[in-house]
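Each reported figure results from applying straightforward, stated rules to the coordinates on display, with no laboratory input. Model, not experiment: these values are computed from the prediction. No Cβ is skipped: glycine too gets one built from the backbone with ideal geometry, and neighbour counts run over all protein chains shown.
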Amino acid sequence: MLMPEIETNTIGSRPKQNGAGKVSRLRVNWQLKTMWPVAVVLLIGMLLFLLSTLSLRDPDRHRVLFIAGAGAVAICGVVIVVLASTIQRPMIELQEQIERVGEGDLNASVSFAKRNDEIGDLGRNFNRMVRLLRESREEIDHLHRTQMSRAEHLATLGELATGLAHEIRNPLAGIAGVIEIVSRDLPSTSPAKAVVKDVRLEIAQINRILTDLLETARPRAPEIRSSDLNTTIEHAVMLARQQVISKPIRIEFAAAPDLPEVDHDSDQIHQVFLNLLLNSVQAIDGPGLVRVEISGREETALVTVSDTGRGIPAEHLTNIFRPFFTTKGNGTGLGLSLARRIVEEHHGRIEVISSPGKGTTFSVVLPVRQPVEVAS
């Protein structure tokens, strides 16, 4: 019967690499390692027995020695049989099941897991490990199918959004032109002037929504250049301040004069922070404060946008970056999704911390230097 090998083996068999990274050249079969203490004890016992029988006559002495030798051989045989039934067979089965797992079959299990000893513990632990691996693979497969389905859904929505945006923009441009002509012919005292102004604002809102849809459906690769990040964000702050001229909201800006030039697409990063600023402004009811602060940390630039608004409920925090998710009645749910995509394309990350009733803080981390393959 072939004997399984663990830890060591005979010369010429497959070597095993130990923890130190060295390969053992000499490996001893596990049965030999188990039997040699028994053999040594029996040999010593035989020697002692031999010495104790020196006083006997030769025929009697030979008979006793023969019986003792036969008993020793029987003991060795019994030990080998017991070891084979209690250790060798489970080890062979375990090795076979491990090979099945290595080939990808996660339905493998060992039958000796019912034993109430250490070998049984080994079998139960093995079966539990395989079960956990099987459940993990099933979960990964389920997540993969879900993500693929979602990706196909978003791709279909993107194609639909692109077509709708083009179909709407053409008549929208005509409407805007007509409104412009009508507004010129209206007397300055006409009450319709206010209506025309509102129509212009609505047209601008529709055009912004269409732009966000196109950006989501056909994202543009960033044009990376090394420039002053302070200037990019300050421009976004200036535009946001124009939106709160008539509101009791202050927007503070703390630049980082010592920050080196950062590799980024100034137009896209400007879009990110303008969106964050407008979200902060919309989250404030009544008087409030929005603060933008830039700082440098090792090889990265950190920009925080914090407000004293109403905050974001905990159940919504995990969804705010999903496309089309919004808690605002007039929002498209695309702003934060676009912001995260742009930041990630800059090899950065965006994080949010919020407490309902206390405000929200968005943190954007950007590398000072982009990887060579994306720099332009």
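What to note about this one:
- All aspartates and glutamates inside 14 Å of LYS247 as judged from Cα atoms, apart from same-chain residues fewer than 8 positions distant: ASP285
- Per-residue 3J(HN,Hα) values for segment 300-309, derived from phi via the Karplus relation 6.51 cos²θ - 1.76 cosθ + 1.60 with θ = phi - 60°, read 10, 10, 10, 10, 10, 10, 10, 9, 10, x Hz in sequence order (x marks Gly and Pro).
- Spin-label model, SER227 to GLU252: label points 7 Å out along the Cα-to-beta-carbon direction sit 2.8 nm apart.
- Looking at segment 86-146, the trypsin sites (Lys or Arg not before Pro) that sit in a DSSP loop and have at most 16 other Cβ atoms within 10 Å of their own Cβ are ARG115.
- With the simple spin-label model, which puts each label point 7 Å out from Cα in the Cβ direction, the ILE75 to ALA314 separation comes to 6.8 nm.
- FRET efficiency, SER111 to LYS358 (Cβ-Cβ, R0 51 Å, nearest 0.05): 0.30
- When the convex hull of its Cα atoms is projected in every direction, mean area for segment 225-367 (nm²): 8.1 nm²
- Near GLU135, once Lys and Arg are set to +1 and Asp and Glu to -1 for all other residues with Cβ below 12 Å from its Cβ, the sum equals +1.
- Applying both filters, DSSP loop and at most 12 other Cβ atoms within 10 Å, to the GluC sites (Glu not before Pro) of segment 269-312 gives GLU298, GLU299.
- Packing-based exposure ordering (other Cβ within 10 Å, fewest first) of LEU160, LEU229: LEU160, LEU229
- Sorting VAL41, VAL272 from the fewest to the most surrounding beta carbons within 10 angstrom yields VAL41, VAL272.
- Environment charge at SER227 (Cβ cut-off 9 Å; Lys +1, Arg +1, Asp -1, Glu -1): -2
- In this structure, the amide hydrogen of VAL368, modeled 1.01 Å from its nitrogen in the peptide plane, lies closer than 5 angstrom to those of THR300, ALA301, counting only residues at least 5 positions away or on a different chain.
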